[in-house]
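These notes concern the structure reproduced below.
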Amino acid sequence: MTASHTIPGIRESDLARLAEDIAFATRPGDLIALRGDLGAGKTTLARAIIHALGCDEREEIPSPTFTLVQTYATRRMPVAHFDLYRLNAASEIEELGLDLALKRGIALIEWPERAASALPASRLEILLEDENGGSVLEESATRRVSLIGEGDWTTRLPRLVAMRKLMTAGGLESEASRLGYLQGDASVRRYARITRAPGGGAILMDWARQPDGPAIRNGLPYSRIAHLAEDVRPFVAVAAALRALGLGVPAIYAQDLDRGFLLIEDLGDRVFGHEVETGAADQALLWRTATETLAALSVIIPPSILPVGDGTEHRLPEYDRGALSIETELLLDWHWPMLHGSPMPGDARAEFLSQWGVVFDRLAVLPPAWVLRDYHSPNLLWLPEREGIARVGVIDFQDAMRGPPAYDLVSLLQDARVDVAPELEAAVFDHYCAAVTARQTGFDRDAFAFAYAALGAQRNTKILGIFARLAKRDGKPGYLRHVPRLWRYLERDLAHPDLAGLKRWYDRCFPAEARGHAFA
């Protein structure tokens, strides 16, 4: 079974743009076979794909006609570029290291027909032909490019075609546009920046619906219990609602909800974390301005149902006890075993759940407000040219819920990736409380302070588990460098007198000497 798609009218100058789309769709383990007569543009396309994957523009990419294989360390993944024209036998492909190349990254193969029987069945084939039937292409001639997907590419190729169709509809699939992969974080979503001369561009979001994981409780997977968005529809619905409230969320230019592609407004590069790291903006100013957005949201009761725009609806979930609890348990399921090499004892686990249950009961009676859930430095952009709360760009809100507004404030003031000094945290906390008091009567600062400490402890506990999971399950140990910072925040939260029972549990089960030193 195969999937195929033909693109007519491709000039040699168009190949670079096509290469960017193909490079965006690739992932480690991919084999891309380039077929066509001499002069058809196979090497030109291969070079463009290698550059699109992040090879240094200054590095020469020669044809591997005589070496048979050239390797490149691009920013995204290693690339092996094969030319099999001089191959004597299909079996020789093994000696060239194809298997190792596919384990490390991707392989681009010119003249794949010389070793067809020895190539993996799963691959993307690209056939370049002269549209006029000639055997040698003139520079001014046009090509017909046929894409043939085999193996897992039978499902991936239609997504690539849908992506190109969406960009064409948005005026961004042309020689005048450029598509550059944006390195992501821990998310399953992928992004690219599309620039267009002479006008502006957009951000491409690629978010294929993810299959549910295994059932872990009451027949439900973790994502359902924790109320995590599973496709682009919640993003679209929440974006419309927040833009209507004046927040600086990106506009959506075009969408393919079924395939999971969005073209959204490009809010720029002034990410809060980078602004602080480089000293380009004052951290106190950024954090104080960001709290003004939260203060404005705190007085708005979010609706339970949000329209998506295609006739469907998104139900805004409640940040209920089930979600709060399953998140804290990540500490037990991932962080504890990473430290000790064994599961947490049953009695310690039972006490943990009991202590947290008391806290969750108190949080459950608080009036609901918007909870954007990941309101912290990687997801906030500084837009000083705008006015009011729109000066803070917000790009991650698809997991928004109805719940205690203190959650987003603690996400900001106890940022997992950027140090927030206790003095700055206290000052901005006061600024927030003053802003909310000015907007509503009867603001109970003491109740809010408890919710802030409790949700801070909950969030930092969750993230300790997530970062351990990223290291252990997903092979991303870099997140562990943030563990000491998370423990410092957690210690601040547990100092609240109403969390004394929890503090005793953490002090006993995670004493000071176990709080991060093993991950340094």
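The values are calculated or read from the model by the stated rules, or taken from the named source; none is laboratory data. On a predicted model such as this, the values are computed, not experimentally measured, just so you know. Because the Cβ atoms are built from the backbone with ideal geometry, glycine has one as well, and the counts that use them run over all protein chains shown. These area figures cover heavy atoms from the full protein model, side chains too; ligands, DNA and RNA do not enter into them. Shrake-Rupley method; radii C 1.70, N 1.55, O 1.52, S 1.80 Å.
Only one of these is under 19 Å from Ile326 (Cβ atoms), of a type in the set (A, V, I, L, M) and in contact (Cβ under 8 Å) with a residue 40 or more places away in the chain: Ala514, Ala447, Ala471, Ala454. Name it.
Exactly one residue qualifies, and that residue is Ala454.
In the list Arg270, Arg224, which residue meets the criterion of being out of contact with any helix residue (DSSP H, G or I) (no Cβ under 6 Å at 6 or more places or on another chain), more than 20 Å from Trp382 (Cβ to Cβ) and open to solvent by 40 Å² or more (accessible area, probe 1.4 Å)?
Of the residues listed, the single one that is out of contact with any helix residue (DSSP H, G or I) (no Cβ under 6 Å at 6 or more places or on another chain), more than 20 Å from Trp382 (Cβ to Cβ) and open to solvent by 40 Å² or more (accessible area, probe 1.4 Å) is Arg224.
Just one of the numbered conditions (1) open to solvent by less than 40 Å² (accessible area, probe 1.4 Å); (2) over 20 Å from Pro337 (Cβ atoms); (3) in contact with a Ser or Thr (Cβ under 8 Å, 6 or more places away or on another chain) is not true of Ala451; which one?
(3)
Going by what's in this entry, would Gly341 be described as out of contact with any Ser or Thr (no Cβ under 7 Å at 6 or more places or on another chain), open to solvent by 60 Å² or more (accessible area, probe 1.4 Å) and over 30 Å from Gly246 (Cα atoms)?
yes
Find the residue count for region 218-271, including only residues that are hydrophobic (A, V, I, L, M, F, W, C) and in a loop (DSSP other than H, G, I, E, B).
Adding up the residues that qualify gives 10.
Filter region 479-499 down to residues that are assigned to a helix (DSSP H, G or I) and open to solvent by 40 Å² or more (accessible area, probe 1.4 Å) and give me whichever is farthest from Phe429 (Cα to Cα).
Arg481
Pick from Thr461, Thr437: which is open to solvent by 50 Å² or more (accessible area, probe 1.4 Å), of a type in the set (Val, Ile, Thr) and assigned to a helix (DSSP H, G or I)?
Thr437
Return a yes/no flag: does region 298-319 have any residue that is closer than 27 Å to Gly456 by Cα, open to solvent by less than 10 Å² (accessible area, probe 1.4 Å) and among the hydrophobic types (A, V, I, L, M, F, W, C).
yes
Can you list the strands (runs of 3 or more DSSP E) found entirely within region 23-135 that contain at least 2 residues being open to solvent by 20 Å² or more (accessible area, probe 1.4 Å)?
The strands (runs of 3 or more DSSP E) meeting that bar are 69-73, 123-130.
Restricting attention to region 138-160, which residues are closer than 19 Å to Ile264 by Cα and either over 22 Å from the mean Cα position of the chain (by Cα) or buried (at least 20 other Cβ atoms within 10 Å of the Cβ) (or both)?
Of everything in region 138-160, just one residue is closer than 19 Å to Ile264 by Cα and either over 22 Å from the mean Cα position of the chain (by Cα) or buried (at least 20 other Cβ atoms within 10 Å of the Cβ) (or both), namely Leu160.
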